[in-house]
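Engineer: I am attaching a structure below and will ask some questions about it afterwards.
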Amino acid sequence: MRTFQAPYIPEPIRKLKRRLFRRSDGERILVERFNKIHGGNLDSLRTFTEKLYRRMIDINRDGNPVFTHLADKYLAREHVAEVIGSQYLVPLIWSGPDPFKMPFDRLPKLCIAKTNHGSGNVVKLHAPATFGAILGIASTCCFASTDGLYSMMGTANDQDPDERRERRLDARMEYGHLVTVYLALANMMWLGFGAFFTINTLLVTGLGFSYTEIAKSISGALLYFLHVAIPLTGMCMSLIAVYAAVLIFNAQKQARERGVQLEKLLSAKMFTTRAARASSFPYATAVGSSCFFIMWSGVLLAVIRH
């Protein structure tokens, strides 16, 4: 028996639908969920669950900036401090958008690491705290949301020698992975250069062939299409090359910054040395790709004028 498969809907259209029908769809989903799981009447509120669902429906209809504020774990601390006082807050050790910038070398014996944009993403750390435990949750969340906030809470305590020794062992393991990733990204950059020049060589060869005597046997419309499509492809490849170079450069920068932090616990200095020499942008790739873009733009202009 054939099963029904829902048609694919592009994500931009899904987002637009959610924005336009948020109130009606949200209320319908809440009511259906309540009737399926709990049953009862949402008009005469008696139980806590009924009151909770009624509040969700009211907020879905009219919105409430206070609840939006409270849904943010980090901003909720400000609300608690304003209402009952900051003395009731758990001490905040660190917060930031990049989990790889956590101060691993200064963590206390007892603390927790948690994300701001998800639920259940909490790591309980007990001495000796390990890098792998924190990076395990960080690696699953840091690519899921670009605006996620990571925080660490606990109390500051001195680290004993056994804990510091454990941290150095963890740092060595992570450092080896970082070196592998960093070198792999460098190889990816060079492979990208090779592919870029190979594709441009093929495009130039194809463009030259289209002007030979043999190519005159092809229809004029197809030849004109090739004369336009080849330089357009070259221009697109030039833009893609710059974009890919920026992505690889940013990934290398992230690995390099984390490596510099680990090298404070180790005797290695590779990332520290690279950080001093690293530029802020892949200028060579941008300049080279821009030259190819200008060249292909000139070819396209000549084809159109001809």
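The values are calculated or read from the model by the stated rules, or taken from the named source; none is laboratory data. Computed from a predicted structure; not experimentally measured. Glycine also receives a Cβ, built like all others from the backbone with ideal geometry; neighbour counts cover every protein chain displayed.
Engineer: With (1) more than 21 Å from the chain's Cα centre (by Cα); (2) modelled with pLDDT of 75 or more; (3) among the small types (Gly, Ala, Ser) as the list, and GLY96 as the residue in question, which single condition is left unmet?
Structural biologist: Status for GLY96: all satisfied but (1).
Engineer: Same structure again: Please tell me if GLY288 is in contact with a helix residue (DSSP H, G or I) (Cβ under 9 Å, 6 or more places away or on another chain) and either closer than 27 Å to ARG106 by Cβ or loosely packed, with under 14 Cβ neighbours inside 10 Å (or both).
Structural biologist: no
Engineer: Are any residues in the range 55-90 of a type outside the set (A, V, I, L, M), over 24 Å from ARG28 (Cα atoms) and modelled with pLDDT of 85 or more, and if so, which ones?
Structural biologist: Selection gives ARG77, GLU78, HIS79, GLU82, GLY85, SER86, GLN87, TYR88.
Engineer: In this structure, does ALA71 turn out to be among the hydrophobic types (A, V, I, L, M, F, W, C), surrounded by 13 or more Cβ atoms within 10 Å (Cβ to Cβ) and within 30 Å of LYS109 (Cα to Cα)?
Structural biologist: So ALA71 fails the test.
Engineer: Run LEU247 past the list (1) buried (at least 18 other Cβ atoms within 10 Å of the Cβ); (2) hydrophobic (A, V, I, L, M, F, W, C); (3) modelled with pLDDT of 80 or more and report the number of the one that doesn't hold.
Structural biologist: All conditions pass for LEU247, except number (1).
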